[in-house]
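Novice: Handing you this structure, nothing more for now.
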Amino acid sequence: MIDEVTAEPATLRGFLLACPKDRRPLEAAGTSLRCCGCGAIFPVVGGVPVLINDERSAFAIADYSEGAGYEGPSYGREGDRSGGLRRLYHRAARRLGDAGSSIRHPDADDAIAYVAALRPRPRVLVIGSGGLRLGGPEDRVLNTDVAFGPAVDAVADAHDLPFPDGSFDLVIAVAVLEHVADPWRCAQEFRRVLDRGGFVYAVTPFLQPVHMGAYDFTRFTPIGHRRLFRQFDEIAAGIAMGVGSVAAWTFGSALQAMSGRRRWRMAARVMGLLSTPMLRLLDRPLRHGADAAGGCWFFGSLREGAPVSDRELVRDYRDRFGLGPERLPPP
Ligand SMILES: [Zn+2]
């Protein structure tokens, strides 16, 4: 919900908003928000502002202005918009596919707790929150996504975040950076909206097959993931999903690859998914296979000065990358 209309500038749950094009303040303009600089208009749909840079984003503002209850562009989630049995199937499939890995690693809530121990009531920005609601009532957490959802405070694209510089203490991006066209530019944006010494927590797939169709751009090796956050000092990092998860995805993909017929692919998908929870149990016993991991996680703090050099990354490679700790070190 947009905070009460004051003279200006517009805030959202206590956070100052900025134009995603030129970072100038926004002001209320009827039922929309308007940039004080370039004059761009951003609609507020069902209390949720749509703060997309229409000229640069893969998403168009016009796609969000349909009536109440509209969930935004489906971006590969067609299943959510279908009815009856198909919807049920998609839900069940997602549930099975989300079966937990047997590898334990620090999660987003652990990252919030770490930052909260150093900075009371940290300002947290969640990128691609979906239906997730992170943090406790004491934490100031702002949830953003490119689609509307029950917990989404604002529609925003990580390439052009609608916040002034230095607005947050922690940025969280779980299973997001594979879905953006330019993850390196997004990492720069994280850096920009973070306050001095701010933190980032990210989980990104490595050997996971394409999901969400056209909205799946990039994968990261462990060193590639570290390099993505070269403006940050590493506090802790590791693999997020292990070789068992990769085996489950590969098995499912192999079954589906046997025939191009739709019915077979559906059946193959179900068979693959049914085997997923069992195979994911292997993540833990096979945890030394970081080179064939399903994903990587990274937790770090903003560096002063130059980014980590590529030479440094390569030099530290053997020592740095592996399973990673189950818990974050004390702050
Ligand atoms: Zn503007």
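Novice: Using 0.36 nm per residue of separation minus the Cα-Cα distance, give me the extension gain between R196 and S259 in nm, one decimal.
Specialist: Full extension from R196 to S259 adds 17.3 nm.
Novice: What's the whole-number percent of alpha carbon pairs in region 112-180 lying beyond 20 angstrom?
Specialist: 26
Novice: Separate question: Beta carbons within 10 angstrom, averaged per residue: use that to sort the peptides 250-257, 286-293, highest first.
Specialist: Taking the mean over residues of other Cβ atoms within 10 Å, the ranking is 286-293, 250-257.
Novice: Here is a follow-up. Hey, in the GNM for the chain with a 10 angstrom Cα cutoff, which one of Y317, Y114, Y201 fluctuates hardest?
Specialist: Y317
Novice: What are the DSSP H helices in the chain that stretch 18 Å or more along their long axis, judged by alpha-carbon atoms, and whose average Kyte-Doolittle hydropathy comes to at least 0.5?
Specialist: 243-256
Novice: Size of region 188-296 along its principal axes in angstrom, Cα-based, largest extent first?
Specialist: 53, 34, 18 Å, listed from the longest principal axis down.
Novice: Which whole-number percent gives the relative contact order of the chain, counting Cα pairs below 8 Å spaced six or more residues apart? Provide the component values of the computation, followed by the final result.
Specialist: Working: 672 pairs, mean separation 57.9, N = 331.
Result for the chain is 17 percent.
Novice: Roughly how far apart, in whole Å, are the Cα centres of region 134-180 and region 26-51?
Specialist: Centre-to-centre distance over Cα atoms comes out at 18 Å.
Novice: Using a 10 Å cut-off around each Cβ, can you sort S129, S167, S259 from fewest to most neighbouring Cβ atoms?
Specialist: S259, S167, S129
Novice: Turning to a different aspect of this structure: Scale the Cα Rg of region 79-320 by the rule-of-thumb value 2.2 N^0.38 Å and send over the ratio, two decimals. Please report the intermediate quantities before stating the final value.
Specialist: On the way: Rg = 18.6 Å, N = 242, 2.2 N^0.38 = 17.7 Å.
Dividing the Cα radius of gyration by 2.2 N^0.38 Å gives 1.05.
Novice: Given the Cα-Cα distance of E27 and H211 and 0.36 nm per residue of separation, how much length would full extension add, in nm?
Specialist: 62.5 nm
Computed from the coordinates by the stated procedures, all read-outs in this text should not be read as laboratory data. Model, not experiment: these values are computed from the prediction. Please note: Cβ atoms are built from the backbone with ideal geometry, for glycine as well, and neighbour counts cover all protein chains shown.
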